[in-house]
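Derivation of every value follows stated rules applied to the coordinates shown; laboratory data play no part. The structure displayed is predicted, hence computed values, not measured ones. Cβ placement follows ideal geometry from the backbone for every residue including glycine, while neighbour counts extend to all protein chains displayed.
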Amino acid sequence: MHNRDSSRKPFFKFVVLVRNTTWRCGKLERAIVVRLHQRWTHVGSRSTSVKDITQSVNAKDSEVINALKRLEKRSIVRLLP
């Protein structure tokens, strides 16, 4: 038996911006990179929680997680537990 809440939570909690590039990215990926860059320039922190990104881009959790995985695959962000 699986607990529904544990299966929905992502296995990573923080996202770190590695490179500020949106070349060949979709709308959601661009929005995520822009949010991370804004946080870096205004707050001084390169890392942001997945929850904060999900709330700021107004998208579903699954869409954001898929976009983050695509960005990690392209070495634009790093996902941390």
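In table form, for the structure just shown:
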quantity	calculated
Ellipticity estimate at 222 nm from DSSP helix runs (n ≥ 4, -39,500 (n - 2.57)) divided over the chain, nearest 500	-15500 deg cm²/dmol
Ser62/Val34 FRET efficiency (R0 22 Å; Cβ-Cβ; nearest 0.05)	0.60
Calculated from backbone phi, Karplus (6.51, -1.76, 1.60) coupling profile of the stretch 31-46 in Hz, x at Gly/Pro	4, 5, 5, 4, 4, 5, 5, 4, 5, 5, 6, 8, 9, x, 10, 7
Per-residue ³J(HN,Hα) for the stretch 55-67, Karplus 6.51 cos²θ - 1.76 cosθ + 1.60, θ = phi - 60°, Hz, x for Gly and Pro	6, 7, 9, 6, 10, 5, 4, 5, 5, 5, 5, 5, 5
Cα gyration tensor category, rounded, prolate or oblate, for the stretch 10-80 with a/c compared to 1.5	rounded
